[in-house]
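The structure appears below as structure tokens.
Quick note: the coordinates plus some simple rules give every number you see, no bench work behind them. All of these numbers come straight from a predicted model, not from anything done at the bench. As a convention, Cβ positions derive from the backbone with ideal geometry for all residues, glycine included, and neighbour counts pool all protein chains shown.
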Amino acid sequence: MTTVLDVAKRAGVSSATVSRVLNGRETVNSQARERVLAAALELGFQPNRMAQGLRSGRGRSVALLVGDIEQNLYSALTKHVQAALGQIRLDVLLYNLNHSADRLRSFLALAPSLGLRGICLATTDRIPPELDAALAELQRSGLIILSLAQRLDERGIPSIVHEEFAASRLGVRRLIETGRTPAMYVGRINSSALGAERYRGYRAALSEADQPLRRDLVHDAVFSYEAGYDAIQRSLDAGTPFRGVQAGSDVIALGAMAALHDRGLRVPEDVAVIGFGNADWTAHIRPAMTTLSVHHESTATAVRSAFESAEAGAEVPMLVTIARSLIIRQSA
């Protein structure tokens, strides 16, 4: 059985420091806290349940569980959530899920020992239904749990989300209305709740315009530059005609634009490209990228409001939806 001493050895700290972290004390610096939590998760440390019950109160930390720390989406969101929660004297504990349901499962098992005030789930990956019981148990214990990247309100988790379906439909309508058809879709679909909603918006826009849904124009691809580049290359190699691309993320769109350039095609003259997320750099590349907006400040404000409501004993809204707009630049 893994003990506190094992965790301390792996983290390179004293057993007292491990105990302070697991009891939610604020006297441990953030670097040491992160090492202790990482070591506890790696070793599968399970705290003594009776000892947990002896703790009084909760700490001031909120765990922010992000799907992939390398994606710009999550770094920008973390910055705003940390600032908003800091206004009500709450700290953020950042944990990278790395697209792993097992890592999420391990964290939820360890969460009761961490003295957390709450958990924010910021992942677009589908959350397995078998984890609902663990999430519900944490809620019953007093933890505030929010979903920031996908709707879980029907599963009992208050959700703060951007409107994905309507936004994607808006982008594809732009391609159709400007004559950039056939229009391709490149983005995560089957493994991503958020991606599935964006793909659904693509399909709806095609249907409304009496455009056929062609499987050779749909690429279920991860949110990466390489995925966008490869999807375009494969379509061009296959001789598939298309004049527009709705990407599931800005980095996919960037990869698509690079592939088109390398094959001698001009954006937007030959193929129009629309991104998703309005990353900081999208306005500064050439051609500047047309994209769908993102509003991390609005998300962070809603997170702070949810914690304030919970602290005051007021009801936390089960669903907050944030609208996106189409930012028209040069690429479409």
- request: Consider all pairwise Cα distances in the chain and report the whole-number % of them above 35 Å.
  value: 30 percent
- request: Search the structure for amide H atoms under 5 Å from the amide H of ILE145, placed 1.01 Å from N in the peptide plane, and list their residues when 5 or more places away or on another chain.
  value: ILE119
statement: Contact order relative to length for the chain, counting C-alpha pairs under 8 Å separated by 6 or more residues, stands in percent at 15 percent
query: Short version: ³J(HN,Hα) in whole Hz for each residue of segment 154-171, in order, from phi by Karplus 6.51 cos²θ - 1.76 cosθ + 1.60 (θ = phi - 60°), x for Gly and Pro, what are they?
result: 6, 9, x, 10, x, 10, 10, 9, 7, 7, 8, 4, 5, 5, 4, 4, 4, x
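Note the full-extension length gain between THR240 and ARG200 as 0.36 nm times their separation in residues minus their Cα-Cα distance, in nm to one decimal.
12.2 nm
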task: Quick one: grab the alpha carbon gyration tensor of segment 165-292, order the square roots of its eigenvalues as a ≥ b ≥ c, and give me rounded if a/c is under 1.5, else prolate or oblate depending on whether a/b is larger than b/c.
output: rounded
field: In Hz, Karplus ³J(HN,Hα) per residue of segment 267-277 (6.51, -1.76, 1.60; θ = phi - 60°; x = Gly, Pro)
entry: 10, x, 4, 8, 9, 8, 10, 10, x, 8, x
- prompt: How much length is gained if the chain between THR321 and GLU137 is pulled fully straight, taking 0.36 nm per residue apart and subtracting their Cα-Cα distance, in nm to one decimal?
  reply: 63.7 nm
statement: For segment 165-292 the mean separation of alpha carbon contacts under 8 Å (6+ apart) over residue count, i.e. relative contact order in percent, is 26 percent
- request: Assuming R0 = 51 Å, can you tell me the calculated FRET efficiency for the pair HIS284 and LYS9, based on Cβ-Cβ distance, to the nearest 0.05?
  value: 0.60
task: Mind pulling the angle between the C-alpha long axis of helix 30-43 and the longest principal axis of the chain? Nearest 10 degrees, somewhere in 0 to 90.
output: 90 degrees
query: Taking a label point 7 Å from the Cα of ARG126 along the Cα→Cβ vector, which residues of segment 79-107 have an amide N closer than 14 Å to it?
result: 101
field: 13 Å beta-carbon shell around SER293, net charge (K/R +1, D/E -1)
entry: -3
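In terms of the Cα gyration tensor, with a ≥ b ≥ c the square roots of its eigenvalues, is segment 240-292 rounded because a/c is under 1.5, prolate because a/b exceeds b/c, or oblate? Numbers along the way, then the final one.
On the way: a/c = 1.96, a/b = 1.51, b/c = 1.30.
Prolate, because a/c is 1.5 or more and a/b exceeds b/c.
At 0.36 nm per residue, and after removing the present C-alpha to C-alpha distance, how many nm does the segment from GLU226 to GLN330 gain when stretched out fully?
My answer for the length gained is 35.2 nm.
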statement: Residues whose modelled amide H sits under 5 Å from the amide H of HIS162, counting only those 5 or more places away in sequence or on another chain, are ILE322
- line: Quick calc: nm separation of the 7 Å Cα→Cβ label points for ARG266 and HIS99 -> 3.6 nm
